[in-house]
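Reading through the structure tokens given below for one structure.
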Amino acid sequence: DSGVTQTPKHLITATGQRVTLRCSPRSGDLSVYWYQQSLDQGLQFLIQYYNGEERAKGNILERFSAQQFPDLHSELNLSSLELGDSALYFCASSVSAGTDTQYFGPGTRLTVL
Amino acid sequence: EDQVTQSPEALRLQEGESSSLNCSYTVSGLRGLFWYRQDPGKGPEFLFTLYSAGEEKEKERLKATLTKKESFLHITAPKPEDSATYLCAVQANYGQNFVFGPGTRLSVLP
């Protein structure tokens with residue numbers, strides 16, 4: 001158990017809908033990262049937040065957005081969902097903004113029908 | 001552009017048959033190289049961090065090594081529970097984000 005929690009574990013929804021994925025980092029970690037993992041692609045970095053502020057953006061679609069709250073939990077919002085958005089979404093956390101080890105949560109499996 | 005490749009894509013071993021996985025990288029400046037293990041449908045589990053060429057780290061049957069262009073994950077006398085996908089990631093300079101390789105899918109047969 002990494003100490004990073006994610007909810008829900010599974011999410012099934014329809015195209016065009018909007019969903020919110022939630023992540024709580026390890027105690028003491030200030031940085032949160034979101035990744036997408038689909039069958040045909042490896043782990044793709046989406047976005048990073050550090051202590052409430054957006055720190056870095058990766059391959060995140062405009063339909064996706066995220067935020068980190070004062071209690072340091074983070075939410076990833078996915079809207080206008082398409083079939084191709086079906087994937088595993090992972091959250092990771094680390095102590096500071098640019099430091100080393102990222103610890104991953106168990107993931108949310110999103111299925112768009 | 002920072003790139004990470006891993007080989008082989010998949011590897012089948014008999015229990016007790018030692019082998020090595022390769023991670024090759026191209027980065028502007030390496031801050032750290034990370035190895036993770038991932039079981040199907042689960043989050044990656046941290047194994048090792050390596051920072052400089054020549055560095056080695058060990059944990060049970062696993063040993064990771066680093067050169068200037070690649071890293072190896074050596075698996076000695078593997079057991080079926082070592083079956084997983086092994087991911088390699090690099091961080092190129094402080095503050096840069098991780099770039100992950102595609103992984104090596106390891107199966108250890110009893």
>> Against the conditions (1) touching a helix residue (DSSP H, G or I) at 6+ places or on another chain (Cβ under 9 Å); (2) within 18 Å of B:Asn22 (Cβ to Cβ), where does B:Lys68 fall short? Just the number, please.
In response: (1)
> Restricting to strands (runs of 3 or more DSSP E) lying wholly in the stretch B:37-110: which have 1 or more residues that are among the aliphatic types (A, V, I, L, M) and more than 21 Å from A:Leu46 (Cα to Cα)?
Replying inline: B:45-50, B:62-66, B:70-75, B:84-91, B:104-109
> Among the residues of the stretch B:52-68, is there at least one that is crowded, with 18+ Cβ neighbours inside 10 Å, away from chain A (no Cβ under 14 Å) and under 30 Å from A:Thr108 (Cβ atoms)?
Replying inline: yes
>> I need a count of the residues in the stretch B:3-35 that are free of Cβ contacts under 8 Å to residues at least 60 places away in the same chain and within 14 Å of chain A (Cβ to nearest Cβ).
In response: 3
>> I need the full set of residues from the stretch A:1-16 which are over 22 Å from A:Leu72 (Cβ atoms) and more than 11 Å from chain B (Cβ to nearest Cβ), in order please.
In response: A:Leu11, A:Ile12, A:Thr13, A:Ala14, A:Thr15, A:Gly16
> In the stretch A:26-38, is there at least one residue being under 27 Å from B:Asp39 (Cα atoms), over 10 Å from the mean Cα position of the chain (by Cα) and away from every other protein chain (no Cβ under 14 Å)?
Replying inline: yes
> Does at least one position in the stretch B:100-108 carry a residue that is over 10 Å from the mean Cα position of the chain (by Cα), more than 24 Å from A:Ser93 (Cα to Cα) and within 14 Å of another protein chain (Cβ to nearest Cβ)?
Replying inline: yes
>> I'd like to verify a number: residues in the stretch B:73-89 that are buried (at least 18 other Cβ atoms within 10 Å of the Cβ), away from every other protein chain (no Cβ under 11 Å) and touching a residue at least 40 places away in the same chain (Cβ under 8 Å), how many?
In response: 5
> Could you say which residue among A:Leu88, A:Leu72 is part of a loop (DSSP other than H, G, I, E, B), at pLDDT 95 or above and either more than 10 Å from every other protein chain (Cβ to nearest Cβ) or buried (at least 18 other Cβ atoms within 10 Å of the Cβ) (or both)?
Replying inline: A:Leu72
> Counting only residues that are of a type in the set (Gly, Ala, Ser) and part of a loop (DSSP other than H, G, I, E, B), how many does the stretch B:2-36 have?
Replying inline: 4
> Do you know which residues across the stretch A:40-67 are part of a strand (DSSP E or B), more than 13 Å from chain B (Cβ to nearest Cβ) and either free of Cβ contacts under 8 Å to residues at least 24 places away in the same chain or surrounded by fewer than 17 Cβ atoms within 10 Å (Cβ to Cβ) (or both)?
Replying inline: A:Glu53, A:Phe64, A:Ser65, A:Gln67
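The values are calculated or read from the model by the stated rules, or taken from the named source; none is laboratory data. Since this is a predicted model, take the numbers as computed values, not measurements. Here Cβ is always computed from backbone atoms with ideal geometry, including for glycine, and neighbour counts include all displayed protein chains.
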